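Accompanying notes for the structure given below.
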Amino acid sequence: QVQLVESGGGLAQPGGSLTLSCVGSGFIFRNWPMGWYLQVPGREREWVASITASGKVLYIDPVKGRFTISRDNDKNTVILQMSQLKPEDTAVYYCKAMVREKPYWGQGTQVTVSS
């Protein structure tokens, strides 16, 4: 079955960087779009960035110029490079795959930005 496993979260100082990774299995990774979402307590899960199978990327405005999404199809991995981190970036980050119009989610990884 489809599985997504995130890693790379942790604590960063404001202005610092973190890199999140998500490894997919159980599907032909290169064929499907991938995305990153975040969720803070009490709020809906929000889209952050996505990358199509062909490599086209999109970002929510607050992360443009700070976050970069990429994919390594040989390693079945989607990556979110986060820089110039702000306290408001603190959230649980989830990886999402849309496979045959069905969404699949990873378990999430906590990102905390604090001094």
I'd like the full set of residues that are out of contact with any Phe, Trp or Tyr (no Cβ under 8 Å at 6 or more places or on another chain), of a type outside the set (Lys, Arg) and open to solvent by 50 Å² or more (accessible area, probe 1.4 Å), limited to the stretch 26-51.
26, 28, 31, 32, 33, 41, 42, 44
Quick check, is residue 111 of a type in the set (A, V, I, L, M, F, W, C), touching an Asp or Glu at 6+ places or on another chain (Cβ under 7 Å), in contact (Cβ under 8 Å) with a residue 40 or more places away in the chain and closer than 17 Å to residue 22 by Cβ?
yes
Kindly provide the set of residues from the stretch 86-115 that are under 21 Å from residue 44 (Cα atoms) and of a type in the set (A, V, I, L, M, F, W, C), ordered by number.
91, 92, 95, 97, 98, 105, 111, 113
Report yes if residue 110 is loosely packed, with under 13 Cβ neighbours inside 10 Å, closer than 26 Å to residue 1 by Cβ, under 14 Å from the mean Cα position of the chain (by Cα) and at pLDDT 95 or above, otherwise no.
yes
Across the stretch 80-101, which residue is nearest to the chain's Cα centre (by Cα) among those that are open to solvent by 40 Å² or more (accessible area, probe 1.4 Å) and modelled with pLDDT of 95 or more?
81
Within the stretch 87-107, tally of residues that are in a loop (DSSP other than H, G, I, E, B) and more than 15 Å from residue 18 (Cα to Cα):
4
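The values are calculated or read from the model by the stated rules, or taken from the named source; none is laboratory data. Given the structure is predicted, the values throughout are model-derived calculations rather than measurements. Neighbour counts are summed over all protein chains in view; Cβ atoms, including those assigned to glycine, are modelled from backbone coordinates with ideal geometry. Ligands, DNA and RNA are stripped out before the accessible areas are found, and what is left, the full protein with its side chains, is counted by its heavy atoms. Shrake-Rupley method; radii C 1.70, N 1.55, O 1.52, S 1.80 Å.
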